[in-house]
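Engineer: Provided herewith is a single structure, encoded as structure tokens, for subsequent inquiry.
The values are calculated or read from the model by the stated rules, or taken from the named source; none is laboratory data. Please read all numbers here as calculations on a predicted model, not as lab measurements. Ideal geometry is used to build each Cβ from the backbone, glycine not excepted, and the neighbour counts take in all protein chains shown. With ligands, DNA and RNA removed, areas are computed over all heavy atoms of the protein, side chains included. Shrake-Rupley method; radii C 1.70, N 1.55, O 1.52, S 1.80 Å.
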Amino acid sequence: NGLVSCSEDDVQLCGGSSGASWHSEPLGAAEKQQSVWCRSLLSDYKEACREAVVGAWERPLRTSVYVTLLGGAWACFCTKPDRLSFDDALLKCSNQLGLLSPWIRSGISDVHVQSLVKLRNEGRLRHASLGLLSVVYYADYDPDAMLYEAQCSNLSVPWREIPQRVLDIGFAGNWWILDSKMKDYDVNEDEFKHLPAHMQVMSPPSVEEVERNEKLHRESWLPVSVKDKGDKN
């Protein structure tokens, strides 16, 4: 009757080959679409780079400003201090104050550092990274404390209260509030409260006073000449 008989193995082979050819067609179409998408993406990037170069060449001042801003932002991001740097700075300041007598330490520096050390020992200091800068603030409880108030996320410090809890700001590799509090940490202002008002404030000397002091200093190194009274006669 003109019909070709096939065995079961031949039918499976034919079905397998037809199935493989049926799957190979969409795979090839997907690869073709991916290649077209990659070429279009590269073309877009190439055109964007060309326009950027042309724009930079035509407007060098604006380009230099943008590059400076981007470079400054990148430098601030890379030099942003972390929590470990704050702990190191705090311990360094505490050691510097510990080498001084309580009668010599600055009261402002001592109170600020001691309060930070107390919060650190209690585990209440928190660090937050805000992109170009970092902030250190205090919380009410230690995160490891097994208290309901400390473990409940609904009772954590809300973001609107963080500005009132900020203790220091880290920017460009420095902790600015800690550095300002440690200024003249070896000068106790309370020692000068009994002095008159004009003696409590130190002003830079004038040019005449500097010249007079230098002259007196040079004369102090001259040898002392002793003359007898008989030489005058």
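Engineer: If a residue must be outside any helix (DSSP H, G or I) and either loosely packed, with under 12 Cβ neighbours inside 10 Å or of a type in the set (A, V, I, L, M) (or both), how many such residues does region 83-115 contain?
Structural biologist: 6
Engineer: Find all pairs meeting these conditions: Cβ atoms under 6 angstrom apart; at least six residues apart or on different chains; first residue within region 142-167 and open to solvent by 90 Å² or more (accessible area, probe 1.4 Å); second residue at pLDDT below 80 and not aliphatic (A, V, I, L, M).
Structural biologist: Note: pairs meeting the criteria are Leu155/Glu149.
Engineer: For region 157-174, give me each residue that is under 19 Å from Arg120 (Cβ atoms) and out of contact with any Pro (no Cβ under 8 Å at 6 or more places or on another chain).
Structural biologist: Correct list: Val157, Ile162, Arg165, Val166, Leu167, Asp168, Ile169.
Engineer: Something else: I'd like to know if region 124-138 contains one or more residues that are open to solvent by 30 Å² or more (accessible area, probe 1.4 Å), among the β-branched types (Val, Ile, Thr), touching a strand residue (DSSP E or B) at 6+ places or on another chain (Cβ under 9 Å) and closer than 16 Å to Gly173 by Cβ.
Structural biologist: No, region 124-138 contains no residue that is open to solvent by 30 Å² or more (accessible area, probe 1.4 Å), among the β-branched types (Val, Ile, Thr), touching a strand residue (DSSP E or B) at 6+ places or on another chain (Cβ under 9 Å) and closer than 16 Å to Gly173 by Cβ.
Engineer: How about region 65-81: which of its residues are within 10 Å of the chain's Cα centre (by Cα) and exposed (fewer than 12 other Cβ atoms within 10 Å of the Cβ)?
Structural biologist: Cys78
Engineer: Something else now. Could you tell me which numbered condition Glu58 fails, if it satisfies all but one of (1) surrounded by fewer than 10 Cβ atoms within 10 Å (Cβ to Cβ); (2) at pLDDT 80 or above; (3) charged (D, E, K, R)?
Structural biologist: (2)
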